Structure formats: C-alpha cells, structure tokens
Amino acid sequence: MKYRLLYLIAILFPILTNAQEAKELGLDQQIDQAFKPVSDFFSAVIFFEIAGIPFVLILLVVSALFFTLYFGFPNIRYFGKAINTVRGKYDEIEQPEGHGVEKSDLAIDGDIPDTIRDESEEGEVSHFQALATAVSGTVGNGNIAGVALAIALGGPGATFWMIICGLLGMSTKFVECTLGVEYRDVGEDGTVYGGPMYYLSKGLKDRGFKTIGKVAAVFFAIFCIGGSFGGGNAAQSNQATIVLKELMGFESTSAGALIGLVLAILVGIIIIGGIKRIASVTEKIVPFMAVMYLLACLYIIFSNFSLVDDAIGLIISEAFNPTAVGVGSVIGVLLVGFKRAAFSNEAGAGSASIAHSAVKTKYSASEGLVALLEPFIDTVVICTMTALVIIIFNFGGYFEYGGDGSGAVLIDGVSYEGAGITSMAFAKYIPYSNVFLTIAVVLFAVSTMISWSYYGLQSWKFLFGRGKTADMVYKLLFLMFIIIGAAASMKSIWDFSDAMIFAMVFPNMIGLYFLFPVVKQQLIKYLEAIKSVK
C-alpha cells in the first residue's frame, strides 16, 4: 500500500509544484498551468499511433465488430428482451425455485435447483436502478459538450461515425457487463464489489492465467481511478463551469475555482451514501433531465422539420467527403466521431460493469442485455439529437466547421467551445434557453460525477482495501479534481479525461477476449430460463 500511495503522490506532485511557480497568475490560470503538463503526458502515452491512427481506437472498433459478429448481432436480436428485462417481465425467474417456473427448466449447465445458492438474493439494486446509475455515468456532458466538440472539429460527418460507434458499442457493453455480474464479490454485509478488476483477477485465474489477470486488474483499477478524476469528474465540472460563468457573467480569474468549490460541496454531500443513495438519486434525476433535454431538442428539430432531411444528408455526405477545416480525410472525421462517441458511452472501457454488478439477479446475462441499451440511449439517441440541433442551427452559417482546430469556433466574433456552442444553438430557437441548458448541463454533470465517484471508489477499494480511512482519502481527492476541472482550460481537461477513459480499454480488453466464451454460456442459460415466461 505504501508504494501505491507514493505512485499517487508522484502523479499529483507536478500539479502542486507548478502551481507554486505561477503565483503571479490568477487562481484559475495557476491551476490550468499546473495541470497541463500532466494532461499532455498522459495524452501522449495513451494515444500512441499505428499508421497514423491511435491504436486504442483500432482496438475498440475491431473488438466491437468481433463481439457483434460472434454473438450474432445482439444489439439488434436482443433489443426487445433487454427492454422487457428492465421493465420486469422476466422477474419471476429470479424468485426462489422459480415461483411458477418448473425446477426442471432451471436445471441448466448441471445446476440442481434445490442445492444451488439463490443468487437473486445478492445485489443491492434493481435492473432499472443499475441501468439508471450506469446511464448517469455515460449520459453527461459528453452528450452536450462532446457532440459540439466533435462537430466543431470534424463537421457534421462526425455524427455518422458516432452513431456507428454507438451501435457497435452495444455489443461490447453487453459482454463486459455480463462478466461484471458473473465475477462479482459480495461482502459479509451484502455490499457488492464488481467490475473489470474482479473479472480480470478471478476470471483469468479460472483460466490458468492468474498473474496476467492480477496485473491487468491492478492497471485497470489505477486507470479507472484516473478516469473517475478526469472524464467522470473534471470534464463534467469544466463544462458546468463554462455555462454557469456565461449565464452569471462571471469574469473573475478565480470564478472557476469558486464554482468548482460549490460543486464539490454538493457532490460531497451525495456521495457519502454509497451506491444505494446514488441509485435512488439517479433513478429520479436521470429520466427527468434526459426527457427534458430530449423534449427541447425535439422542439427545435420539429420547428425546423424542413431542414431535417438536409441535416441528415449532410451528416452522411460529410462522413465520406469531409470539408471541415483541418479534418483532412474520411479517416480524420471517423477518428473524431469514434473518439467522442467512445468517450460518451464508454463501451469497451469497462466502467459501467461496476454499476451493473450491483444488480439483484442470478442470471448475469440478464444484466448484460440491460446494459446494451446504454450506448443506444446515450449515443444513438441523445448525441444524435444534439448533433441535429447544432447542424440545423449552423445552416445559418454562424461558424466554420473545423474552427481553430482545438474545438473552439467563432460565432459573431466571439469564441465558443463545447457546451457554449450547444447553448448558442438552443438560444436561437428557445427563449431563455440559456437558463434551461445551464440547469441541464449542471444536472448532467452532477449525476455523472456521483456515478463515477462510485466507479473510482470501487477501484480504490480494490487497490487499498475496504476501510473507511481509504474511502475518505479517495473522496477528498475526487472532490479536489472537481475544483481542478472547473478552473482549468477545456483542452487540458478533455485531453487528460480522454487519456484516462481510453487507458481503461487496454486491460479491460484482455479480460473480454479471455472470457467471452463464459458470456456465451451465460446468455444461453438466461435465454433458456426466460422461455418459460408467458
């Protein structure tokens, strides 16, 4: 444990020392200057390229294609069953001895109903709560700011590749979340501990690769903690701060840090309660904010219905013939779309399996099917809605696709980036939409942060133990990164966030490729069980 804490201090040391050298700057600028070298370092390491393409994106795309083909397009074939599982149609098979399901129907793979442990008693949350918690971790400002960033950089064509990435990611999400439930740990008090850390260490041990599994699990836990500090935290507070500063007209050089402090206090109050409180909060907030945001998008889209076919046509044509300044080629716009979609829905990163592992079920594949809905909700629906709003808005020629090459564009001579671009699009069609969108961005940010605090804490527990002191250290560090994210520049924060989220892909994929046959067995088991349900 001593060496792990020294590793953590080594990561944080540059932030503290650089801040001392920049006392003459404003507080926000000091934090940004101190954080930028850390961000640049991790971004350069994680996004190493092969033939000009980041290897991690190649790994994601190839893996998603493989799982889609191997499982026979589960993103299409089992979509209906996934919805039925969430709404409770198959709940009766989770009851002791089936509750109306014949014991013979449950004696699958050699299990004898009277002798096996009733696994449905394990877990802490329902299918819907697990989905809401996981969706709140993926549906965040990646859907508002991330989509705007993708279009600003890659033009409308980036939307096409985001949708493709979302559809393929459904299969990857199914595999990793099934494994999350299958290899979870349950503490003596009933608390569930799950995610890639556990299916890497336990699953690979079962396959005779104990050392590889243990090393991969440790690396995943480290990267997941980084992801919780970055994409699940700092990137969210960063975008919430941008819209709050714009709405309130804050121009102080310390405004970002002060907003971050307020957000940190709010999130700190919530995350003390653990997964049950997180689930109870997110199952109320997530549907509300998602519906309100989608209604606003639909209002703009239907108000400009005559432009929808033009927008769709532009999305398709620009995907294969991009004209955005600086995007370069089809490969360039594809990379922008896939990068932003993968960041948004996190399929392949393994993070969502941590939340899904807490579900009450004895059929691990049931939660895998539930999980495949996430990329569809997150990317195919919400991200596409945002993209249509921005593209329709820009038919007025308000900004040039490609912008300054770093995600910012000029609108009426003023530079906007991320959520600021989406806010301008909303403002054209909905009066006082700046207030509405600010509320939406803050709600998205808070819900994502509280869910990711759970993901990071589970990884922290895996590394440092399950004591209260270790928990408190993690939570304080997590809250500190809310302030860093609010104060630092968008580029530094998003580069670091991308790096941490995508770093998780490498160890996670080791587990998926070793263990996907287990997923096949569990899928067959669940499909056989639900045949008896009328």
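Please treat every number below as a calculation from the coordinates, not as lab data. Note that this is a predicted model, so its numbers are computed, not measured. All Cβ positions, even for glycine, are placed from backbone atoms using ideal geometry, and neighbour counts span all protein chains on display.
If packing is taken as the mean number of other Cβ atoms within 10 Å per residue, what is the order of 72-85, 39-52, highest first? Show your work: numbers first, answer last.
Numbers: 72-85: 17.6, 39-52: 14.5.
Ranking the peptides 72-85, 39-52 by packing returns 72-85, 39-52.
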Could you sort the peptides 367-373, 188-194 by per-residue average Cβ neighbour count (10 Å cutoff), highest mean leading?
367-373, 188-194
Karplus ³J(HN,Hα) for segment 466-475 (6.51 cos²θ - 1.76 cosθ + 1.60, θ = phi - 60°; Hz, whole; x = Gly/Pro) runs 9, x, 5, 5, 4, 4, 5, 4, 4, 5
From phi via Karplus (6.51, -1.76, 1.60), per-residue ³J(HN,Hα) for segment 527-532 in Hz, x at Gly/Pro:
5, 5, 5, 7, 4, 7
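State the extension gain, in nm to one decimal, for the chain segment bounded by Ser254 and Ser303, taking 0.36 nm per residue of separation less the distance between their alpha-carbons. Walk me through the numbers before you get to the answer.
Values: separation 49, 0.36 × 49 = 17.64 nm, distance 3.99 nm.
This chain segment gains 13.7 nm when fully extended.
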Which trypsin sites (Lys or Arg not before Pro) does segment 188-235 hold that lie in a coil by DSSP with at most 15 other beta carbons within 10 Å?
Arg207
Lys and Arg at +1, Asp and Glu at -1: add these up for the other residues within a Cβ distance under 11 Å of Ala158 and post the number.
+1
With θ taken as phi - 60° and the coefficients 6.51, -1.76 and 1.60, list the Karplus ³J(HN,Hα) couplings across segment 161-175 in order, rounded to whole Hz; mark glycine and proline as x.
6, 5, 5, 4, 4, x, 5, 5, x, 4, 5, 4, 5, 4, 5
Name the residue farthest towards the positive end of the dipole of segment 411-534 from the options Pro517, Gly418, Leu457, assuming +1 on Cβ of Lys and Arg, -1 on Cβ of Asp and Glu, about the Cα centre.
Pro517
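Using per-residue counts of other Cβ atoms within 10 Å, averaged over each peptide, order 262-268, 171-177 from highest down. Kindly include the intermediate steps, with their values, before the conclusion.
Working: 262-268: 18.0, 171-177: 31.4.
Descending mean neighbour count gives 171-177, 262-268.
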Spin-label pair Val45/Ile270, simplified geometry with 7 Å Cα→Cβ offset, distance in nm:
3.0
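Do any chymotrypsin sites (Phe, Trp or Tyr not before Pro) in segment 408-512 lie in a DSSP loop with no more than 14 other beta carbon atoms within 10 Å, and if so, which?
Values: sites: Tyr416, Phe426, Tyr429, Tyr432, Phe436, Phe444, Trp452, Tyr454, Tyr455, Trp460, Phe462, Phe464, Tyr474, Phe478, Phe481, Trp494, Phe496, Phe502; in loops: Tyr432.
Hits after loop and neighbour filter: Tyr432.
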